[in-house]
Number of protein chains: 2
Amino acid sequence: MSNRVSIAVDAMSGDLGPRSCVTGALDVVRTDPSVELLLVGRPEEIEPRLVRLDAAVRERVRVVAASQVVEMDESPRDAIRRKKDSSLRRALDLVAAGEAAACVSAGNTGALMASAHFVLGMIPGIERPAILAAIPSGDGQTLMLDLGANTSATPEQLVQFAVMGSVVATDVVGRERPKVGLLNIGSEEIKGHELVKAAHQRLQGTGLNYIGYVEGNDICSGRVDVVVTDGFTGNVALKSMEGIARFMATTMRGEFTSSPLRKLQALLASSALDGIRRRLDPGRYNGASMVGLTGIVIKSHGGADAAAFSQAVRLAAVEARNGVPSQISAELKTKAG
Amino acid sequence: MSNRVSIAVDAMSGDLGPRSCVTGALDVVRTDPSVELLLVGRPEEIEPRLVRLDAAVRERVRVVAASQVVEMDESPRDAIRRKKDSSLRRALDLVAAGEAAACVSAGNTGALMASAHFVLGMIPGIERPAILAAIPSGDGQTLMLDLGANTSATPEQLVQFAVMGSVVATDVVGRERPKVGLLNIGSEEIKGHELVKAAHQRLQGTGLNYIGYVEGNDICSGRVDVVVTDGFTGNVALKSMEGIARFMATTMRGEFTSSPLRKLQALLASSALDGIRRRLDPGRYNGASMVGLTGIVIKSHGGADAAAFSQAVRLAAVEARNGVPSQISAELKTKAG
């Protein structure tokens, strides 16, 4: 099949390991005949989960042995130096070797980012990788980056983030000429600091559909398709949103507990709110993309269950089918001038 | 009365002018016999609103004439240069002259901040004013600063913000040894940028109850009493939270609209959520404090109605009664040493 894509899955990753990673990945291969899986990890923990697969599905699943596991609290440096036969590292190696079109892991974010950077390297013209995810918003979703791959960004890097966000919005979300905004604060007089002002200037000179500054409340207003910011601000914004969403869901539970009817109302309301809150946890919802690398790397939440992990695998398949890294490369040439 | 405090109110400010400012301020003077009001603005627009006051209340209200009004879109520079007889400026002048213990305005934030800085000056040892407000949180409220008075902050300034937040948490919120956290991101390896790391080091050497780094989701978890950050990050975090809260309230309205019972549920749920959302708009909820100045300046939201404006006036009275600026001065000497 011409559109077939191979996804390397770090089967040992996350809090649940093969229990969620293998189960979630198999759900994708079962329902999408264009997907092939490379399940990377300890065969003795993976293979028992494959015995009941239909033969037609089983032939699209290959187990790739890796003897080590990167721990959730392991330093990126140690992971790179001492865990060369880890499931995380081997999954990335498969992407580097061209055997897989994308890699998915629910492992340690720092180790995954550093290993991916080390193994895959950067797309020429992109200086730093960024973490990108979809935030629920007025008309569906808004992509935001960087969510914390870096603690700061130069104006040039913010422009590169804008190009990458624009490519993902086009290829993965299906937006034409996605609207890109640069996160800033609203004080008219002293609008933003020098880095943001410099990035604003540069963005106006690109071929992107750059609409200018946006504020924090625009992240989920639907005003733009892509919100660009540095990793420090992006990470704080995302976690602040997650925090208040959790607070609101909790408060709702407490609001109506005086009678059975009110308890039911509280239950209905808080489950709806929890749904929104969960969507704010990008790793849990559908995976966060580590963009800017020469290969596709999707980070799933460490606590992801099988259903959540399968979303990350599906996202990997969509990015693979669209060849996101080469699209970024092409877009850099035409848009960023 | 020994505890009597005089509050200067910019009666012409905000979208509604005297309609909300005078009405809201009168509500405070009526219910709190220790408060005196100096209503600053055009007497012809203020006095008709005082005719039905009880004599006992009326004697605690004085009208101070000011012929000009600072427009909401006026530049801070123009406000300072060309509006020397504005209600905003005159209200600040009353604080500088010692005739009022605090000033409240729903006017243009930039103009208020710049004028306050110009008229009142800084507390010795504090380099920059900061905007501080209460965010709803797990166990009541968390104070956060800077919410956007500045676009960046040095490590020294972050320490000064921590001292100021700690004083307000003690004197206004009533916390003993308030817990102070420094906003950072969770990437263990590269935890924060250099400025944050330097501030972290310095904060450990103060006498404050500094508990270390916190992340965005701690703003409303109740883990700390005070969250310290630079004005860019603080403003983005606050507006992001406001945005998602609005999104959740809107979504809830749409969740249950299939039957009359569900409509009622939606109404109950969304009004509870709106309550939380409104609390995220600090100017609207109870006013934001501009701390670090030699006098007390409270900013109410531009769109505040009379009830919201009265909250800002009450906050001004509490800060005045506690002498927040002199407490900050004292705390700087003992804690930041």
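The values are calculated or read from the model by the stated rules, or taken from the named source; none is laboratory data. From a predicted model like this one, the values you see are computed outputs, not experimental measurements. Neighbour counts are summed over all protein chains in view; Cβ atoms, including those assigned to glycine, are modelled from backbone coordinates with ideal geometry.
Any idea which of A:Asn184, A:Asn235 is touching a His at 6+ places or on another chain (Cβ under 9 Å), more than 24 Å from A:Glu331 (Cα to Cα) and either without any contact (Cβ under 8 Å) to a residue 60 or more places away in the chain or buried (at least 22 other Cβ atoms within 10 Å of the Cβ) (or both)?
Only one candidate qualifies: A:Asn184.
Just to be sure I understand, how many residues within region A:281-313 are among the basic types (Lys, Arg) and either at pLDDT 95 or above or part of a strand (DSSP E or B) (or both)?
1
If I filter region A:222-233 for residues that are assigned by TED's automatic domain parsing to the domain that holds A:Gly140, closer than 12 Å to B:Leu238 by Cα and within 19 Å of the chain's Cα centre (by Cα), do I get at least one hit?
Yes, that holds for at least one residue.
Being within 14 Å of chain B (Cβ to nearest Cβ) and either closer than 30 Å to A:Val173 by Cα or among the hydroxyl-bearing types (Ser, Thr, Tyr) (or both), is that true of even one residue in region A:85-105?
Among the residues of region A:85-105, not one is within 14 Å of chain B (Cβ to nearest Cβ) and either closer than 30 Å to A:Val173 by Cα or among the hydroxyl-bearing types (Ser, Thr, Tyr) (or both), which makes the answer no.
Read through the list (1) at positive phi; (2) among the basic types (Lys, Arg); (3) within 14 Å of another protein chain (Cβ to nearest Cβ), then give the number of the only condition that A:Arg128 fails.
The number of the failed condition is (1).
Could you check how many residues of region A:212-231 are at the interface with chain B (Cβ under 8 Å from one of its Cβ atoms) and touching a strand residue (DSSP E or B) at 6+ places or on another chain (Cβ under 9 Å)?
Total meeting the criteria: 8.
Quick check, is B:Arg58 farther than 16 Å from B:Ala101 by Cα and of a type in the set (D, E, K, R)?
Here the answer is yes, as B:Arg58 does meet what is asked.
When you scan region A:55-78, how many residues do you find that are touching a Ser or Thr at 6+ places or on another chain (Cβ under 6 Å) and within 14 Å of chain B (Cβ to nearest Cβ)?
1
Would it be correct to say that A:Met144 is buried (at least 24 other Cβ atoms within 10 Å of the Cβ) and in a helix (DSSP H, G or I)?
no
Against the definition (at the interface with another protein chain (Cβ under 10 Å from one of its Cβ atoms), in contact with a strand residue (DSSP E or B) (Cβ under 6 Å, 6 or more places away or on another chain) and closer than 17 Å to A:Thr233 by Cα), how does B:Ile185 come out, yes or no?
Answer is no for this residue.
Restricting attention to region A:318-334, report how many residues are at negative phi and out of contact with any helix residue (DSSP H, G or I) (no Cβ under 7 Å at 6 or more places or on another chain).
Number satisfying all stated conditions: 10.
Restricting the first residue to region A:106-121 and requiring it to be away from every other protein chain (no Cβ under 12 Å) and under 17 Å from A:Ala304 (Cα atoms), which pairs with a second residue that is in a helix (DSSP H, G or I) and among the aromatic types (Phe, Trp, Tyr) meet a Cβ separation below 8 Å and a spacing of at least six or different chains?
Pairs that qualify, where the first residue is away from every other protein chain (no Cβ under 12 Å) and under 17 Å from A:Ala304 (Cα atoms) and the partner is in a helix (DSSP H, G or I) and among the aromatic types (Phe, Trp, Tyr), are A:Ala106/A:Phe309.
Between A:Leu39, A:Leu53, A:Leu26, A:Leu16, which is under 14 Å from A:Arg314 (Cβ atoms) and either in contact with a strand residue (DSSP E or B) (Cβ under 9 Å, 6 or more places away or on another chain) or buried (at least 16 other Cβ atoms within 10 Å of the Cβ) (or both)?
A:Leu26
One residue is enough: does region A:123-132 have a residue meeting the conditions in a strand (DSSP E or B) and surrounded by fewer than 23 Cβ atoms within 10 Å (Cβ to Cβ)?
Scanning region A:123-132, I find no residue that is in a strand (DSSP E or B) and surrounded by fewer than 23 Cβ atoms within 10 Å (Cβ to Cβ), so the answer is no.
How do the pairs read when you match residues in region A:310-337 that are within 18 Å of A:Val9 (Cα to Cα) with residues anywhere that are charged (D, E, K, R) and not in a helix (DSSP H, G or I), using Cβ under 8 Å and keeping only pairs 6 or more apart or on different chains?
Listed by first residue and then by second, the contacts come to A:Ala312/A:Lys299; A:Arg314/A:Asp32; A:Ala317/A:Asp32.
Which ranges mark the helices (runs of 4 or more DSSP H) fully within region A:1-65 that have 3 or more residues being in contact with an Asp or Glu (Cβ under 9 Å, 6 or more places away or on another chain)?
Filter on region A:1-65 gives A:18-31.
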